[in-house]
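The values are calculated or read from the model by the stated rules, or taken from the named source; none is laboratory data. For clarity, every value in this text was computed on a predicted model and none was experimentally measured. In this analysis, Cβ positions are derived from the backbone assuming ideal geometry, glycine residues included, and neighbour counts consider all displayed protein chains.
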């Protein structure tokens, strides 16, 4: 399909294809790659222009997904051409409209809590575990913790610190985003065994591990991002779509992350309403958010099941925003889903679990 797009289709904003540096008939993968490149060049934290960064973000909102792109072109076809005179006559109106659109882009939708907090606390039962999801839990950005029994104390602390770093950035853009730490899929497997006559492992496949640790998940709307951290050395890494290299030497991904397709199958079984993806963040010893650098020569959706390429913390946050933000219900916080995830954490049994 060939799309013909001219600047006259955008009376109040630049052509989003031009902003992202792609042609109008570009594939969605090409648009995504163009968005990443344009965002890196314009990012204020990297010395870019904040105004251009806003344009790049807006362009992605308009054409970043197939659904948004189709809606954008439907809207473009319904616009009537404006003459120079009519443009002058409606200049004030156009300026006001642009201002309102910019304000709307800068102010995220308010969180819609389901069921409403006005209905009181919600009790979620998962197997033998019950979780009370009240206003205090709903307002917490980070819930639970990663016990040292799952990982070394250093890695456990790294997850807590990274979660505390990620949460404010995510909630600024996606106020409904909530982080839950320390999920153990054996809690989910036990629940499935208790509630199904057939064995859960047989149901989900013979390759299902008996217990996969998911140390950090982000719930936003009806999308769930599973995040693993990986210790990284200084330098440049390469990613070929399925393998990670440092100085041309292969580097192993976290063991549980490589099992993640099975973990995602478990989650999808219990939460069919969720779209689940997983990510690997590379963390140097000094936890610098812009290091290390990863060059990619393979597809962004990788052969090992990752939603995006392994990346430093700054780019991982960006990947999370892209993955979670495309959900049209990203402003929804479902208390039943949140409670179910908290029930899979080792410390959800009462109000004493850490919540921040």
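Some observations on this one:
- Elements of type helices (runs of 4 or more DSSP H) contained in region 113-196, each with 1 or more residues being at pLDDT 70 or above: 135-139, 153-173
- Some residue of region 70-88 being at pLDDT 65 or above, under 30 Å from residue 337 (Cα atoms) and surrounded by fewer than 18 Cβ atoms within 10 Å (Cβ to Cβ): yes
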